Amino acid sequence: MDKILFISHTEENGGLSEHALEVLTAAAELANATSSELTIGLFGGSTAAAVKQISGTVFTVEGAEFAVPRYATDAAAAEAIVNAAQATVVVAPGDSRMMRFLSGVAARLNGKVDAHITSITAGAEISLNRWYYRQRMQAEIKRSARPWFFAVESGIFQPCKSAGAAQVKALNVSLSPALTRTTVQGVKAPQSGEQTIKPDAKLLFVAGAGWTKKQKDGQTHVPEAADLILGFIKKAGASLGSSKSLVDLQGEGQQVLPFMTHLNQVGQTGSTPRHPKGLAACCHGEEPHVVGWRFINERRAISLDANCGWAQGKADVLYVADAFEVIKEVNRLLANFNSNSTEPPNTHR
Ligand SMILES: Cc1cc2nc3c(=O)[nH]c(=O)nc-3n(C[C@H](O)[C@H](O)[C@H](O)COP(=O)(O)OP(=O)(O)OC[C@H]3O[C@@H](n4cnc5c(N)ncnc54)[C@H](O)[C@@H]3O)c2cc1C
């Protein structure tokens, strides 16, 4: 029988991220389905807040040296935890900090590692799924090798709500000077201005190049487009995506939306975000763009072109309409709605 370990770093406040709590659910479900023992491993500057969020047997490694995302100290902490738990299956959130060192620890312990896992099934044996080739092919992975490490994607499982009694076993990990030779100087965030990418949002709003094109009066209306788009994502609590054509305009010297970068780009050469719903406006819905909508469940689009890609089986609903007019009216309705509502807007749609 496997011994399953959920392992994660803690955040600056000592707690677990939403992603980590989701993957804890996955680990707990796996332990349940295989009638295996589940233990939890936490490391970071402090772990007290995380311990309050969970229950069960918890191995911790904490201290100032473990506060920063450094390969050598993270790997040393994880190795100590995996050994203490005698884990044969190690389940981790696939965030950038865990992904940096997880394969190194797997190699050290003579194990195997898989990443970008999107589902876990447990029958006679454990089987994992991940996507390849921009979400066009899905692989099923089974392994007899142990310890088996895997990093799970976000937005798939419900965050674990199992705060209760935790039995904490604090581990001492001694660090030689070589392990702290690398210093972490700070964080360089890709976007310094408006925070438009929100992975936890219920809705993805995708803007296409049409927002910057000449409209029926023969003029472009880029500042108005910027106000409408930002107004909508703020009021609806939506995440902002873009087509490639819109973000490429910057390099072509055309008037652009200042808050839009290539990080917003959805599609074959962009991202494949996960949101329950999506709304595209002024976007043509071509295949290289829509392939990035693989994990958007309910899809709607607004385009002037009744023959655009969305109309050809790529969206559930296409509004053949002027997006400037539609979004202006929707923003007006949302402003009224929000002023009468005590709940956050994106829980309603
Ligand atoms: C190898 C490869 C990889 C690619 N990867 C990506 C990718 O990752 N992501 C991506 O997006 N694309 C990608 N593309 C490009 C993709 O094929 C399209 O060219 C791109 O998505 C088109 O962007 P768009 O729909 O915003 O612009 P357009 O095709 O210019 O469409 C603009 C739309 O806006 C509509 N419109 C204009 N004004 C209004 C209005 N007032 N109201 C409503 N509608 C209006 C027009 O009718 C039109 O349908 C890739 C292409 C290749 C070859």
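Here is how the numbers come out for the structure above:
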quantity	calculated
Pair list, Cβ under 6 Å, 6 or more apart: the stretch 75-95 residue assigned by TED's automatic domain parsing to the domain that holds Cys160, other residue part of a loop (DSSP other than H, G, I, E, B) and hydrophobic (A, V, I, L, M, F, W, C)	Ala76/Val173; Ala77/Val173; Ala80/Leu171; Ala80/Val173; Ala84/Leu171
Condition check for Ile141: among the aliphatic types (A, V, I, L, M) and either within 30 Å of Leu240 (Cβ to Cβ) or under 17 Å from the mean Cα position of the chain (by Cα) (or both)	no
Single match in Gln195, Gln185, Gln158, Gln219 (criterion: in a loop (DSSP other than H, G, I, E, B) and in contact with a Ser or Thr (Cβ under 7 Å, 6 or more places away or on another chain))	Gln158
Criterion (β-branched (Val, Ile, Thr), assigned by TED's automatic domain parsing to the domain that holds Ala323 and surrounded by 15 or more Cβ atoms within 10 Å (Cβ to Cβ)) met by exactly one of Ile156, Ile197, Ile233	Ile233
Conditions (1) crowded, with 21+ Cβ neighbours inside 10 Å; (2) within 12 Å of the ligand (Cβ to nearest atom): number failed by Asp217	(1)
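The values are calculated or read from the model by the stated rules, or taken from the named source; none is laboratory data. Source: prediction; values computed, not measured. Ideal geometry is used to build each Cβ from the backbone, glycine not excepted, and the neighbour counts take in all protein chains shown.
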